[in-house]
């Protein structure tokens, strides 16, 4: 029997449509694969019946002109997306047992395109983390291991760590992710897969558990650039239920794929050459520049002078928005309520102390402080002013170039526990990812090679707003030249 | 600027997070470490720079003043930790 879990979404689509195999066979193979990989802790809940039901509907509809673009494709769904009557916890104890009576717009779009759901994917609590270690359900273990024989458990990146591990391990052909400050791109880089965060507003935020609303964007994580294009087309689109949703048609990104980059200028920001980045990563960056040159693009040096202020800006704005968004978890309307002997205020405080993990509490405290009377201007307004400067940096740079190429992360996957004692060390892992988030720009990570320990490294492409096509095309040019075929050796 | 134990206790109260003395002691240096790190923004000259309000230029839309949903009380209460007689139930607040 053919191993259908080895196929890309484009291949599954083709094979299903031509009758080479049925959607049910695809779903069954994936359900078996999911159940045999629980050691990774990638799924918080498995929904094999959902995948089978969608597959049966696809098989029944085959031959019909109106077959959705994802008919016959089962997907993993990050547990930040509300899924009707299926546990939606955002990796938090405080949402234990929450079964929404509604479906997020993005997952509804995927279902409308014919996709089924294999299960909900583990993640850092409320998407706050870069290693998946803040999940109330325990960390996801990366399928990758260093080639030193030490068998150390590695982080799959975060916050979409369940998504990255599942796609890399072949227990989902692709998955949804969300990216607030790198949460699609850094885990994609750590696990040797592709992931794109579109322009802010392309994907509806409706039904996605909010973290920092001015930054949160959904996007796909998949094995190839083409698969990302296919999925993003299905996920994106105007939604009147999200006030920041962009009322624009969804381009045909897949049809527009082309790795011919003649006439494109690729900006190389000098501020992204920072101390402490391993030589392997800078070497891959140089290779990436050569690959894009080979595809016809012209590299140009650019400057993004406020780069070093992006992370501190982010760590004011994101916690501020989070402290406001997470005020809704009060033990009244949904989720868990802690027992307390006192009145309503004591119940709120006890519920929130018991329900939120340490990193979430820390960020709520910072956010509450920077928004509190007397400190608001000094911290929050100041950060919003610097955010304007960061956005202007990109606007000026894009007068000289069409795309920007950087490494995705300043390290390969680190070991579980290596950074969890030092919040700032963890935050620094998103140094290359956060500026594009603050500016709302589309950005993608594509695997470029392996480091000396045999771990994947990613290249990061940032585009002008709404230029997902340019980002995907540069990603394709890198993918074709990098020839990245490495897979984690199965140990789970 | 650094925060004191007393300030952190006040922030915890604003954030409605119960906190033991031990946790408070642990959190004060952690918060000061992070606040000290973000204070490097003070180096940036932002005179005359407007705070960013919309990351992608977009007009807030108005919708027709029409009822578009409702009649879903049971759905809304379905996930309540305690619901009684069609209402959310909370600890007694009036003696």
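General observations
- Of all residues in the range B:31-45, those that are closer than 13 Å to residue A:316 by Cα and within 7 Å of chain A (Cβ to nearest Cβ) have Cβ atoms under 7 Å from Cβ atoms of residues that are at pLDDT below 95 and in a helix (DSSP H, G or I), 6 or more apart or on another chain, in B:34/A:423; B:34/A:424; B:37/A:424.
- Subset tally (residues that are facing another protein chain (nearest Cβ under 9 Å), touching a helix residue (DSSP H, G or I) at 6+ places or on another chain (Cβ under 8 Å), touching a residue at least 12 places away in the same chain (Cβ under 8 Å) and outside any loop (DSSP other than H, G, I, E, B)) for the range A:332-364: 6
- Residue within the range A:52-71 that is assigned to a loop (DSSP other than H, G, I, E, B), touching a strand residue (DSSP E or B) at 6+ places or on another chain (Cβ under 7 Å) and buried (at least 23 other Cβ atoms within 10 Å of the Cβ) present: no
- Any chance residue B:53 is modelled with pLDDT under 95, exposed (fewer than 14 other Cβ atoms within 10 Å of the Cβ) and facing chain A (nearest Cβ under 8 Å): yes
- When every residue of the range A:98-105 is checked against the conditions, none turns out to be assigned to a loop (DSSP other than H, G, I, E, B) and at pLDDT below 95.
- Among the residues of the range A:421-445, those identified as without any contact (Cβ under 8 Å) to a residue 12 or more places away in the chain and either under 12 Å from the mean Cα position of the chain (by Cα) or at the interface with chain B (Cβ under 10 Å from one of its Cβ atoms) (or both) are A:422, A:424.
- Residue identified as in contact with a strand residue (DSSP E or B) (Cβ under 6 Å, 6 or more places away or on another chain) and touching a residue at least 12 places away in the same chain (Cβ under 8 Å) among A:257, A:248, A:292, A:215: A:292
- Residue list for the range A:36-51, restricted to those being buried (at least 17 other Cβ atoms within 10 Å of the Cβ) and assigned to a loop (DSSP other than H, G, I, E, B): A:37, A:41, A:42, A:47
- Among the residues of the range A:218-266, those identified as part of a strand (DSSP E or B) and either surrounded by fewer than 18 Cβ atoms within 10 Å (Cβ to Cβ) or in contact with a helix residue (DSSP H, G or I) (Cβ under 6 Å, 6 or more places away or on another chain) (or both) are A:218, A:220, A:221, A:222, A:265, A:266.
- Candidate set: the range A:306-331, residues that are more than 10 Å from chain B (Cβ to nearest Cβ) and touching a residue at least 60 places away in the same chain (Cβ under 8 Å); chosen: the one surrounded by the fewest Cβ atoms within 10 Å (Cβ to Cβ): A:325
- Top-ranked residue of the range A:423-475 - restricted to ones that are in a loop (DSSP other than H, G, I, E, B) and in contact with a strand residue (DSSP E or B) (Cβ under 6 Å, 6 or more places away or on another chain), ranked as farthest from residue A:146 (Cα to Cα): A:441
- Subset of the range A:405-429 [within 15 Å of residue A:187 (Cβ to Cβ) and at pLDDT below 95]: A:419, A:426, A:429
- Hits in the range A:371-380 - residues which are more than 8 Å from chain B (Cβ to nearest Cβ) and crowded, with 24+ Cβ neighbours inside 10 Å: none
- Among residues of the range A:381-401 being surrounded by 20 or more Cβ atoms within 10 Å (Cβ to Cβ) and assigned to a loop (DSSP other than H, G, I, E, B), the one that is farthest from the other protein chains (Cβ to nearest Cβ) is A:401.
- Scanning the range B:83-95 for residues that are more than 7 Å from chain A (Cβ to nearest Cβ) and surrounded by 10 or more Cβ atoms within 10 Å (Cβ to Cβ) yields a total of 3.
- For the condition in a loop (DSSP other than H, G, I, E, B) and without any contact (Cβ under 8 Å) to a residue 60 or more places away in the chain, residue A:164 does not qualify.
- Residue in the range B:65-72 that is surrounded by 10 or more Cβ atoms within 10 Å (Cβ to Cβ) and at the interface with chain A (Cβ under 7 Å from one of its Cβ atoms) present: no
- Hey, residue A:464 more than 30 Å from residue B:26 (Cα to Cα), in contact (Cβ under 8 Å) with a residue 60 or more places away in the chain and within 14 Å of chain B (Cβ to nearest Cβ) or not: yes
The values are calculated or read from the model by the stated rules, or taken from the named source; none is laboratory data. Keep in mind that what you see is a predicted model, and the values were worked out from it rather than measured. For neighbour counting, all protein chains shown are included, and Cβ atoms are generated from backbone atoms with ideal geometry for every residue, glycine included.
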